[in-house]
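A quick write-up on the structure given underneath.
Just so you know, all these numbers are worked out from the coordinates, no wet-lab data involved. What you see is a predicted model; the values in this text were computed from it and never measured. Note that each Cβ is placed from the backbone with ideal geometry, even for glycine, and that neighbours are counted across all protein chains shown.
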């Protein structure tokens, strides 16, 4: 959950309003590829690390098949969220499947991560089978067999990516696990999720996204706001990202701080209320752009606090944002305590550059605390 020090509007549109690598179901697949509504391919796995072997997503259960690489930070950050989904749906006919494409090098890393995954009985985790030519040539750029049948066939290349397979064995949804996976599973269990209708809405949303992108490039801010609001109506699952775009335009492009801060606070009770990464990104950007505005800083602290609660106080990048907000609010002691937790967590993740940055911030907060007058 790294916060990029660039305008949020550029970040949103660069990744796509469709959010964090999420693509319109079926929109990218070729004629002989894999799309929503197609029968799910088999799982060609070399060996299973967790759970009994599974050759195919059989009927009678909903399967969430997520492609992962433990060397990828976004994948590691998605594991706790996937674990919460597994815990929530334990015993409800939902099977969580992880396909690790990193090969044998990652086998030893899984045991330390299993605690994040919820009940292990809900999981099947396997290492993708490598093509014979990759084993012979030791080329790392050859995708595994399951990757080819699923990811390549669906024209997907970002990880983590989840394919939801319904109880009939057909693909119902393709997307980033943080972008609505919970709602999709809930809808399938309740019988209210219509995959093909959702795919059609996704295609219409893609057209609106392109129009919004053009409006932003032309700095037609009012038109971009209208398009974002329309997008949220057409595809409710994208409402959080659309709302973030509106916040960015109001707060940073039009410099309407009153309206922008109000829109940001509205996220806490709106479609982004459970999107920790989005809330943290907005909070971080506010602190970057308006560090001397007490009201803006207080808004950022509220957003970061919600993000921190959503990730169970266990994400160093969220803690780093929250610590900065507390520091700018004059709460040096709270900033030191939070930043120390962020440093401890980032140290365990092996991120040397991030460690140096967070330690530098911790020294800054401690120096300010030592210089603060005694109460």
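Quick rundown of the values:
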| read-out | value |
| --- | --- |
| Simple label model, 7 Å out from Cα along Cβ direction - residue 196 to residue 157, nm | 3.1 nm |
| For the range 61-96 and the range 328-349, distance of Cα centres in Å | 29 Å |
| Two-site FRET efficiency, residue 329 against residue 189, from Cβ-Cβ distance with R₀ of 35 Å, rounded to 0.05 | 0.25 |
| Cα centroid of the range 184-220 to Cα centroid of the range 143-180, whole Å | 17 Å |
| Pairwise label distance in nanometres, residue 168 with residue 219, each label 7 Å out on the Cα-Cβ vector | 5.2 nm |
| Nitroxide proxy distance, nm - points 7 Å out along Cα→Cβ at residue 211 and residue 368 | 4.4 nm |
| Potential extension, residue 359-residue 269 segment - 0.36 nm per residue separation minus Cα distance | 29.0 nm |
